[in-house]
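The values are calculated or read from the model by the stated rules, or taken from the named source; none is laboratory data. No experiment lies behind these values; they were computed from the predicted model shown. Ideal geometry is used to build each Cβ from the backbone, glycine not excepted, and the neighbour counts take in all protein chains shown.
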Amino acid sequence: MADVFDEMTGADGSIRPPYGELSRWLSEIPPEVLDHRRREAELIFQRIGITFAVYGETDSQERLIPFDVVPRILAAAEWGFVCRGLEQRVKAINAYIGDVYGRREILKAGVIPEDLVFQNPVFRPEMNGQKVPHDIYVHIAGIDIIRVDASTFYVLEDNARTPSGVSYMLENREIMLRLFPELFSRHRVAPVENYPNELLATLKSVAPATASSDPTVVLLTPGIYNSAYYEHSFLADKLGVELVEGRDLFVKDETVYMRTTQGPQRVDVIYRRVDDDFLDPLAFRPDSALGAPGVMSAYQAGNVTLANAVGTGIADDKAVYSYMPAIVKFYLGEEPLLNNVPTWRCREEDHLAYVLDRLEELVVKEVHGSGGYGMLIGPRADKAQIEAFRTKLKSSPKNFIAQPTLALSTVPTCVEEGIAPRHVDLRPFVLVGRDCVRIVPGGLTRVALKKGSLVVNSSQGGGTKDTWVLDT
Amino acid sequence: MRIRVVHRTSYRYDTPATGVIQMLRLTPRNHDGQYVINWRIDVSADCRLNQHEDAFGNLCHSFTAEGPLSELVVSVEGEVETRNTNAVMTGAIERFPPSLFLRETPLTTADDAIRDFAAATRAETGDDGLKLLHEMLARLHADITFDPDPTHTATTASEAFVLKRGVCQDLSHIFVAAARSVGIPARYISGHFHRDDGVTDQDAGHAWAEAFVPSLGWVGFDATNGICATDAHVRIAVGLDYLGAAPVRGTRYGGSGETLSVNVLVNQTQHQSQS
Amino acid sequence: MLSRTADNLYWLARYVERAEYLARILEVTQRLATLPIAYGGETNEWESAVATAGCTGAFSTQYSEANEETVTEFLCFSTANPSSIRNCFELARTNARAVRTALTMEMWDAINGTWLQLKRFGNGPTSREEFMRFLRWVQEASLRFDGRAYRTMLRNDAYWFSRLGLYQERADNTARILDVKFHLLLPTNERIGGPLDYFQWAAILRSVSALTAYHWVYKESVKPWLIADLLILKDEMPRSLASCYGNLVQNLDYIAQAYGRQGPAQRQARAIRTRLQNRRMEEIFQQGLHEFIGEFISSNNRLDSAITEQYLM
């Protein structure tokens, strides 16, 4: 593994400029004060009930996600670069999805193998030839980015289905403002509070042509037992829209309505946090009780907009990921600004051979896995685990990709022994509307709280931090 | 052959339903072996039938009926002129390359038993796709007993394969799963079948499979009858599995005690000599 | 407002109110059970508590005998009884979670806090003293929630629907508590109007915090028809059926005004209110108090169905 880049102390141990004030402040603030504030933050989170659930655990229906009070800071120039890269990437993603469900130019050109698309379970035949308003499929993307040195950012994953975590971005900022006003006064931190406005503007901008001039937007949640329910209710509240479940909606004559105390009310845009599979029992899983029967026919008739569109998984699938640089070039004719992590596709024979030779060094991921599950971190695995993965890889190479073990950058973090560096990633949220692409300066920084750990997922002991983008 | 089809799907509710929404795939389209002379759908409740085409080119109708409904009848009636094309399907709407039909679905996932069956058959017939498909057709027809009791619409290919029993839906699922497991694109067809034994009243529609043979194109295999598709087959809808081609998918709001009955009448209206 | 949101608010209020009512019944029962006569086995206050809670059927499928232990478990802590105090709070919080954003922070805090504290009581108190503390805690939790709702909620349809739930439940509960006397046995050597009879009626008054109010209003000793008068017809008595219906009518009117439309719920509530206003106590007693209460509970349930159909689904 390469040297670890610390975002505060940099490569040579001297404090990097964006962290100048923070570093001074950390050395000034008495440890007990910091600790006190940390506990205060925890109490606030508990009180407002910001929770998440971990799948596969019993009796852990609601758990708090740990919050770290030391902010992660990006300079304006760094952020500007990331933003340009994100915008480029999301534009390419939308062009690609439209193409795959339309003219299929990229397949005809042989840039992406046909079977990777057509035989992929996340490709939705139902979307074939389907027009969506303003050709936007992904309205909300959460692009996971990691940093390895002062100038190199990699995209780790494109979340183009129902990315979550934005409520943490907003709540973390809220709490930091409450706990550390003096720290803010020593920085010029770009605000993130307008995210809900930006999101609402984005959603309204893609309303169907048949909607009224003030379209009705709703947020569709799977319900209170979903791990992200808190976020759903939080966002609905901030957006000022109804938080609906499938049973609140019904479809009549290819138009979607919600049941209100004043009778049926037409719905124009559904910001849905329900997966494709569960959206409509008449089109997808017939046993789903989370969706609204007939919503797909209303969608196909152009009477309602789904954000994100159905079938966007074909853009963020791990098998497709490795083609992203080619996708950017194909549609935009530009070199990608943000790099991909070098990726070996085990479906290709020479790649597989390479990977099997170097399992001890590589990270091997299941193509359809998520949340850090179903993955092998070579350098951290024992012999038995490696051999088990070797067998899996050989029997179904198509299901795996491999990447080098990257040294995620570290950021000072408040842990038991005091302030210590911990590995982080970053999920900025990109909004794509009819009029423009909006990116709120910041995002969700996830931090691996265990020393040396590279797994930042909240389901596996990760925490979050406030992310500051400096104005100057 | 000129075939007349009358297909009635009736629902009765002990406690009236407050509403029903349904998605129908009940309307045939033309292809080289089939020409639709006339066809119409009637729904017993007041509602608008919205027509659209699905991803595979099937003609779909959806409707929402408002209650209280103690009964709902969807009836279809029409005539189709068919021609024997030696089971080869040409001139139909094709929205996807054959490779799409290698996708597995929950209903058509091949388990080890089905894989072994397909592999064992291939071991005997060799790699000639058409020969292999014919052999699978013959074996499934011989091994699996037609029996409407043990299976239902949500039975998977592998479940039915263990039971060695099932209806045309199950046989078609097994056939499709087996073909895909040896790399042959295959799909599910729903439709009607005109029996030559004089029986015209049936209590369900029919289903068979189509498999892709590069030298011929899509070829119809009816494992229930142990034959390839003929001019006795009226082809209605195509899908990856039953769910994609189901005649009716729907949801009921309110109400309870639903009883469903299906009546299908398939008869020949006029003999014509084909040259 | 989403129908489901209104439904959640309505039931949130109902469940909190119901938990309080159960605690009140159990308090009366506990008091009656401490009378020396209760030791003779001639009285049936525990059985009567189950009857008053309206769940004799469910109870008898699980227990063979109604005594302090079984009834306490069933009405307070049982997970098998859908209307136990534990389940009431559990359901109240589930409803609250589903409408988090329609609640004020104070309301959420109250219901979430109650739910968290409930865990402290485990599977039941270990002593009678602790049990009495538990019952007081339940009533305080309800008062806290109600007070916070009253003090912090915006006066719009969210508030009105939650009030509808509250008064629906309260009307039902007051009617049932009046019926306690019907279920309570008076041992053969006790006479009507005798000391035990008196004690039973006083306990009922006490259970709805109305003993003092009774003396203020009537300045008389405790008499059954006056108690019935207080709890059925007196507008100024906040738990009386008349008062509950005054509030139901008013909140339904607010909704009708805001929505510019009224329906069966408004008409039914007004009709019930009018009947309560025009009734005299003598008539009620002539008809039979138990029969009157039975009829009232049915018409109250019909109003619940009307509200549900008109707004909540």
| query | Across the range A:228-286, which residue is farthest from the other protein chains (Cβ to nearest Cβ) among those that are more than 28 Å from B:Asp54 (Cβ to Cβ) and acidic (Asp, Glu)? | reply | A:Glu231
| field | Out of B:Arg180, B:Arg235, sole residue that is touching a Gly at 6+ places or on another chain (Cβ under 8 Å) and charged (D, E, K, R) | value | B:Arg235
| query | Among the residues of the range B:161-174 satisfying the criterion of being without any contact (Cβ under 8 Å) to a residue 40 or more places away in the chain and crowded, with 23+ Cβ neighbours inside 10 Å, which is nearest to B:His233 (Cα to Cα)? | reply | B:Asp170
| task | Report yes if some residue within the range C:88-96 is on the phi < 0 side of the Ramachandran plot, away from every other protein chain (no Cβ under 14 Å) and either over 18 Å from the mean Cα position of the chain (by Cα) or of a type outside the set (Val, Ile, Thr) (or both); otherwise report no. | result | yes
| request: Would you point out the residue of the range A:256-266, among those that are within 20 Å of B:Cys47 (Cβ to Cβ), out of contact with any Lys or Arg (no Cβ under 6 Å at 6 or more places or on another chain) and of a type outside the set (Lys, Arg), that is surrounded by the most Cβ atoms within 10 Å (Cβ to Cβ)? | output: A:Val256
| field | the range B:124-139, subset at pLDDT below 95 and of a type in the set (Gly, Ala, Ser), residue nearest to B:Ser215 (Cα to Cα) | value | B:Gly129
| remark: Exactly one of B:Thr9, B:Thr27, B:Thr18 is in contact (Cβ under 8 Å) with a residue 24 or more places away in the chain, closer than 23 Å to A:Ala301 by Cα and among the hydroxyl-bearing types (Ser, Thr, Tyr), and that one is B:Thr27
| Just one of the numbered conditions (1) part of a helix (DSSP H, G or I); (2) at pLDDT 90 or above is not true of A:Ala319; which one? | (2)
| query | Of all residues in the range A:97-119 being surrounded by 19 or more Cβ atoms within 10 Å (Cβ to Cβ) and in a loop (DSSP other than H, G, I, E, B), which is farthest from the other protein chains (Cβ to nearest Cβ)? | reply | A:Ile112
| Checking A:Leu306 against (1) part of a helix (DSSP H, G or I); (2) within 20 Å of A:Asp99 (Cβ to Cβ), which single condition isn't satisfied? | (1)
| Based on what the data block shows, is C:Thr72 more than 14 Å from every other protein chain (Cβ to nearest Cβ), surrounded by 15 or more Cβ atoms within 10 Å (Cβ to Cβ), of a type in the set (Val, Ile, Thr) and part of a helix (DSSP H, G or I)? | yes
| Hey, among B:Val88, B:Val80, which residue is under 18 Å from the mean Cα position of the chain (by Cα), within 17 Å of B:Tyr188 (Cα to Cα) and more than 14 Å from chain A (Cβ to nearest Cβ)? | B:Val88
| task | Return yes when A:Asp135 is away from every other protein chain (no Cβ under 14 Å), at positive phi and out of contact with any strand residue (DSSP E or B) (no Cβ under 8 Å at 6 or more places or on another chain) and no when it is not. | result | yes
| query | Does A:Ser459 satisfy the criteria of being part of a helix (DSSP H, G or I), in the same structural domain as A:Asn308 (by TED's automatic domain parsing) and either touching a residue at least 24 places away in the same chain (Cβ under 8 Å) or farther than 30 Å from A:Ala76 by Cβ (or both)? | reply | yes
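Conditions tested, residue by residue: (1) more than 14 Å from every other protein chain (Cβ to nearest Cβ); (2) part of a helix (DSSP H, G or I); (3) touching a residue at least 24 places away in the same chain (Cβ under 8 Å).
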{"site": "C:Pro238", "(1), (2), (3)": "yes, no, no"}
{"site": "C:Asn247", "(1), (2), (3)": "yes, yes, yes"}
{"site": "C:Ile284", "(1), (2), (3)": "yes, yes, yes"}
{"site": "C:Asn300", "(1), (2), (3)": "yes, yes, yes"}
{"site": "C:Glu309", "(1), (2), (3)": "no, yes, yes"}
| Taking the stated definitions as given, is B:Gln22 within 14 Å of another protein chain (Cβ to nearest Cβ) and surrounded by fewer than 22 Cβ atoms within 10 Å (Cβ to Cβ)? | no
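Here is a yes/no grid of residues against (1) among the basic types (Lys, Arg); (2) within 13 Å of the chain's Cα centre (by Cα); (3) at pLDDT 95 or above:
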{"residue": "B:His152", "(1), (2), (3)": "no, no, no"}
{"residue": "B:Ala157", "(1), (2), (3)": "no, no, yes"}
{"residue": "B:Asp170", "(1), (2), (3)": "no, yes, yes"}
{"residue": "B:Val176", "(1), (2), (3)": "no, yes, yes"}
{"residue": "B:Ile189", "(1), (2), (3)": "no, yes, yes"}
{"residue": "B:Arg195", "(1), (2), (3)": "yes, no, no"}
{"residue": "B:Val199", "(1), (2), (3)": "no, no, no"}
| query | How many of the residues making up the range C:100-123 are in a helix (DSSP H, G or I), more than 15 Å from A:Gln46 (Cβ to Cβ), more than 13 Å from every other protein chain (Cβ to nearest Cβ) and not hydrophobic (A, V, I, L, M, F, W, C)? | reply | 2
| request: Could you tell me whether the range C:4-14 includes any residue that is touching a residue at least 60 places away in the same chain (Cβ under 8 Å), within 14 Å of another protein chain (Cβ to nearest Cβ), of a type in the set (S, T, N, Q) and under 30 Å from C:Ala149 (Cβ atoms)? | output: yes
| query | Restricting attention to the range A:283-296, which residues are surrounded by fewer than 24 Cβ atoms within 10 Å (Cβ to Cβ) and either under 24 Å from B:Arg48 (Cα atoms) or out of contact with any Pro (no Cβ under 6 Å at 6 or more places or on another chain) (or both)? | reply | A:Phe284, A:Arg285, A:Pro286, A:Asp287, A:Ala289
| Which of the strands (runs of 3 or more DSSP E) contained wholly in the range B:1-110 include at least 1 residues that are more than 30 Å from B:Gln270 (Cβ to Cβ) and in contact with an Asp or Glu (Cβ under 9 Å, 6 or more places away or on another chain)? | B:2-27, B:50-53, B:59-82
| task | Can you give me the number of residues within the range C:124-152 that are at pLDDT 90 or above, β-branched (Val, Ile, Thr) and loosely packed, with under 15 Cβ neighbours inside 10 Å? | result | 1
| query | How many of the residues in the range C:6-35 are surrounded by fewer than 24 Cβ atoms within 10 Å (Cβ to Cβ), among the polar types (S, T, N, Q) and in a helix (DSSP H, G or I)? | reply | 1
| said: Going through B:Gly198, B:Gly166 one at a time, which residue ends up being in contact with a strand residue (DSSP E or B) (Cβ under 8 Å, 6 or more places away or on another chain), of a type outside the set (Asp, Glu) and at positive phi? | reply: B:Gly166
| Would the range A:201-222 turn up any residue that is within 14 Å of chain B (Cβ to nearest Cβ) and within 30 Å of B:Ala154 (Cα to Cα)? | no
